[in-house]
Each structure stands twice: as structure tokens, then as C-alpha cells.
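One structure is given here, and the rest of the page talks about it.
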Amino acid sequence: MNNKSTAITMNRLSVKTQTMAAAAAIIAAVALPQFFHVMGALSGLGTGLGEAFLPMHLPIILAGLLAGPYAGAAAGLLAPLASFACSGMPTSAMLPFMMIELCVYGLSAGLLKNVKIPVIAKVVITQIAGRVIRAAAILVSLYAFGNENVRVAAIWMSIVTGLFGLVLQWTLIPLAVYRLEDMKRNEN
């Protein structure tokens, strides 16, 4: 086996590891928003904290960056569905758009997993890809299918409302990736 194929083999995770990573991301993506919703309820902000800090996005992007595109995409697609089944959130009108957006987050982050650029750049590229695809899905829903449950303003409002969450992702995800990679290096 040559050096290139050895490096590729070493960078691939087993199906079991990817499945466990996706499951952990789904659990975290369901649990974290509940914490923010409880804090929002206690502070009188309702679901505003979850909308501002985007807690569901963190574990999905992290799963993609650490476990690859399959785990990230699967977790991104299934986490909003699991959250809706457990808590009714996101709302049924927004559920398909969240599923699409988070699937793209997980897939994009996973595709960037082994690209030699700073983690923060991977996060920003992932955020842009997810938001662009979500916006496109909303526009298709509105104009091609006549969906009246969602408005065009939802595209801009989700960006403005989620600015704190975007900054949180720029901070926490690179720190988590560096810490986990450091732990992995120290094991070897």
C-alpha cells in the first residue's frame, strides 16, 4: 500500500464510530435546545434564546468535522425530526427547512473534514452553505409550491436573530475540534 492510500485509510472512521458520532450528535441536538428553551422560559424570552444561540447547529457541525459527511448529514437530517417528535420544536412549518439546513451543515462540515484550512474557515463555509440552501428551499417552497406558512422575511430574520449563535459556533467549534484532536494525538 502506498503512503497516499495509507493516509486515506487512516482518516476514515469505521461505520460503527460514524454511527455512534451521529447518534451522539442527534442526542445533543435534541437536548441542547431544551436547555435554551427552559432558560428562555425562566427569563421570559420564550424560544428566543434557542433562536439566537442556534444550539442545534453546534453538535451537527461538530459531528461532520469529526466523523465525516455521512455521520454529519445523517445527524443533521434526523436531529430536527427527533426534536420535533420529542418536543414539537421546530414547528411543523419550519421542520423541513431545518432538516435540509442541518443536513447541509453536517454534509458540508464532513466534506471539509480533511481539507487543510483553519477550522474557523470550515465553520464559516459550512454556515454559508447551510444558510444558502435553506434560503433556496424556502424560496422554492414559496414560489414553486405556493407555501403560505413561511415568509421570505424568515430568511433574513433567521440570519439576524442567529448572529449570537454564529459567533458561538466560531468560538466553540474550533476549540472543541482542537481539544479533541489534541486528546487523540496524546493517545497515540
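The values are calculated or read from the model by the stated rules, or taken from the named source; none is laboratory data. Everything numeric in this text was worked out from a predicted model, so none of it was measured. Note: ideal-geometry Cβ built from the backbone for every residue, glycine included; neighbour counts use all protein chains shown. Note: areas computed on protein heavy atoms with side chains; ligands, DNA, RNA excluded. Shrake-Rupley method; radii C 1.70, N 1.55, O 1.52, S 1.80 Å.
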Residues located in region 132-188, provided they are over 21 Å from the mean Cα position of the chain (by Cα), modelled with pLDDT of 85 or more and polar (S, T, N, Q): Ser141, Asn186
Gln127, sole failed condition from (1) touching a residue at least 12 places away in the same chain (Cβ under 8 Å); (2) surrounded by fewer than 17 Cβ atoms within 10 Å (Cβ to Cβ): (2)
Single match in Met39, Met98 (criterion: at pLDDT below 90 and not aromatic (Phe, Trp, Tyr)): Met39
Residue pairs meeting the criteria (Cβ under 9 Å; at least 6 apart or on separate chains; first touching a residue at least 60 places away in the same chain (Cβ under 8 Å), in region 48-66; second crowded, with 24+ Cβ neighbours inside 10 Å and among the charged types (D, E, K, R)): His57/Glu101
Breaking point among (1) open to solvent by less than 60 Å² (accessible area, probe 1.4 Å); (2) without any contact (Cβ under 8 Å) to a residue 60 or more places away in the chain, for Val132: (1)
Count of residues meeting criterion [among the small types (Gly, Ala, Ser) and under 18 Å from Ala85 (Cβ atoms)] in region 25-57: 5
Region 85-103, residues that are over 15 Å from the mean Cα position of the chain (by Cα), among the hydrophobic types (A, V, I, L, M, F, W, C) and surrounded by fewer than 18 Cβ atoms within 10 Å (Cβ to Cβ): Ala85, Cys86, Ala93
Filtered residues of region 67-82 (kept if crowded, with 23+ Cβ neighbours inside 10 Å and either in contact with a Phe, Trp or Tyr (Cβ under 8 Å, 6 or more places away or on another chain) or assigned to a helix (DSSP H, G or I) (or both)): Ala67, Ala71, Gly72, Ala73, Ala74, Ala75, Gly76, Ala79, Pro80
Any hit, region 47-58, residues being polar (S, T, N, Q) and either farther than 23 Å from Thr161 by Cβ or in a helix (DSSP H, G or I) (or both): no
Those residues of region 83-103 which are part of a helix (DSSP H, G or I) and touching a residue at least 40 places away in the same chain (Cβ under 8 Å), in sequence order: Ser83, Cys86, Ser87, Pro96, Phe97, Met98, Leu102
Subset of region 104-124 that is touching a residue at least 40 places away in the same chain (Cβ under 8 Å) and more than 22 Å from Ala29 (Cα to Cα) - its residue that is surrounded by the most Cβ atoms within 10 Å (Cβ to Cβ): Asn114
